[in-house]
Amino acid sequence: MFPIEKYHYAESVEDAVRYLAAHKGAKILAGGTDVLVRLHEGKSDYGHLVDINGLDELKTISMDESGAIFIGSRATFSEIINSEIIRQHVPMLAQALLTIGGPQVRNTGTMGGNICNGAVSADSACAALVYDFDLQIQGPEGERTESIHGFHTGPGRTILQQGDLLKSFVIRPENYTGFGASYIKYAMRGAMDIATIGCGTAIKMNGDEVETFKLAFTVAAPTPIRCPTAERTMKGAVISEESLERLADAVEADVKPRTSWRASREFRLHIIRTLAKRVTQEAVTNQGGND
Ligand SMILES: Cc1cc2nc3c(=O)[nH]c(=O)nc-3n(C[C@H](O)[C@H](O)[C@H](O)COP(=O)(O)OP(=O)(O)OC[C@H]3O[C@@H](n4cnc5c(N)ncnc54)[C@H](O)[C@@H]3O)c2cc1C
């Protein structure tokens, strides 16, 4: 059995926040694909749970008249992948989430959990960074909006405080309209594997020249990152073998890969250079298709 000492079933977002604020160490249970694995491993840091699986208002995926897209923190990967709004306007997000685990994990796991667990390998993180997600968070002091930029503070760590509950992600129209985007996950296995390196980009062309270029990586530094040096290098460039080689050189200034049992630092750097070029070419091709 799971070593759960205390359990609270949240009746509302306010009830969950009130309970979390009043009980130090209490943690949120969403899809459980991280939490229950930790409990199964006997890790007691999740012994006191606040179950938010009754809060259906956190599952909505919608778009307002301005074109802003809202994704509830409890929307599962499959619900996001199958959403017409996501497929039409931010297809790279669906592309990235399709690389996660297998069907069971995608039918249960949530993007809220994927971002809030602070994992450096989270497959939704590159999309969140290149689409410049905003996060609507309910806390003991009320609701606030935080940017995804700076949300991750270290491996497994985020800016969330005791009592905080992520309600939804917001994608502003200026951050996706007219962009082509793509995501590539390099992992040892083709499925059911955590990324060795994840790479995502969004690009907006002005004729043959790059108008806006956004590049993000997972597992290339202690947190998911954007690459300002590489992004500056591509601004105004024409896509060519030379400019892509300059991109691969520039990205080395943005990343800090390390050696782990999955790959050596040198091998990761090689993958990072290769994916930066490849995902950029795919995004240019996709820009032709995306509205
Ligand atoms: C077999 C398997 C394969 C996997 N493969 C992948 C993979 O390929 N890529 C990948 O990125 N991940 C993978 N994962 C990890 C996992 O599925 C994801 O991280 C998932 O997104 C976690 O979401 P969840 O809803 O299950 O979160 P939970 O396990 O319920 O919670 C995860 C963490 O987030 C916190 N949390 C959850 N919701 C909120 C909220 N609304 N506000 C504040 N905090 C919150 C919880 O307190 C906990 O700390 C895999 C997991 C398994 C078991």
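The values are calculated or read from the model by the stated rules, or taken from the named source; none is laboratory data. If you're wondering where the values come from, they're calculated on a predicted model, not measured in any experiment. In this analysis, Cβ positions are derived from the backbone assuming ideal geometry, glycine residues included, and neighbour counts consider all displayed protein chains. What goes into the accessible areas is simple: the full protein's heavy atoms, side chains included, and nothing from ligands, DNA or RNA. Shrake-Rupley method; radii C 1.70, N 1.55, O 1.52, S 1.80 Å.
Details
- Evaluation of THR218 against the conditions (1) more than 24 Å from GLY288 (Cα to Cα); (2) out of contact with any Cys (no Cβ under 7 Å at 6 or more places or on another chain) shows that the sole unmet condition is (2).
- Selection status of LEU39, outside any strand (DSSP E or B), more than 30 Å from GLU174 (Cα to Cα) and aliphatic (A, V, I, L, M): yes
- Residue list for region 45-64, filter: touching an Asp or Glu at 6+ places or on another chain (Cβ under 8 Å) and either under 17 Å from HIS8 (Cβ atoms) or at pLDDT below 95 (or both): GLY47, HIS48, GLY54
- Complete set of residues in region 49-66 that are more than 30 Å from ALA21 (Cα to Cα) and surrounded by 14 or more Cβ atoms within 10 Å (Cβ to Cβ): MET63
- Pairs where the first residue, in region 208-223, is without any contact (Cβ under 8 Å) to a residue 60 or more places away in the chain and open to solvent by 20 Å² or more (accessible area, probe 1.4 Å) and the second is among the small types (Gly, Ala, Ser) and part of a strand (DSSP E or B), C-beta under 9 Å, 6+ apart: THR212/ALA202
- Qualifying positions in region 6-36 - more than 6 Å from the ligand (Cβ to nearest atom), open to solvent by 20 Å² or more (accessible area, probe 1.4 Å) and either touching a Cys at 6+ places or on another chain (Cβ under 7 Å) or outside any loop (DSSP other than H, G, I, E, B) (or both): LYS6, TYR7, HIS8, TYR9, GLU14, ASP15, ARG18, TYR19, ALA21, ALA22, LEU36
- Residue match in region 5-28 (condition: of a type outside the set (Gly, Ala, Ser) and within 17 Å of the chain's Cα centre (by Cα)): no
- LEU160 fulfils the conditions (1) open to solvent by less than 30 Å² (accessible area, probe 1.4 Å); (2) on the phi < 0 side of the Ramachandran plot; (3) in contact with a helix residue (DSSP H, G or I) (Cβ under 7 Å, 6 or more places away or on another chain); (4) assigned to a loop (DSSP other than H, G, I, E, B) except for a single criterion, (1).
- Listing of helices (runs of 4 or more DSSP H) fully contained in region 59-136 that carry 3 or more residues being more than 9 Å from the ligand (Cβ to nearest atom) and at negative phi: 77-81, 84-89, 91-97, 125-130
- The test for being away from the ligand (no atom under 11 Å from the Cβ), surrounded by 19 or more Cβ atoms within 10 Å (Cβ to Cβ) and closer than 18 Å to ASN114 by Cβ holds for ILE184.
- Total residues in region 97-114, condition open to solvent by less than 10 Å² (accessible area, probe 1.4 Å), closer than 24 Å to ILE203 by Cα and in contact with a strand residue (DSSP E or B) (Cβ under 7 Å, 6 or more places away or on another chain): 1
- Tally of residues being touching a residue at least 60 places away in the same chain (Cβ under 8 Å) and buried (at least 21 other Cβ atoms within 10 Å of the Cβ) across region 224-241: 2
- Some residue of region 130-141 being in contact with a strand residue (DSSP E or B) (Cβ under 9 Å, 6 or more places away or on another chain), closer than 18 Å to GLU282 by Cα and open to solvent by less than 30 Å² (accessible area, probe 1.4 Å): yes
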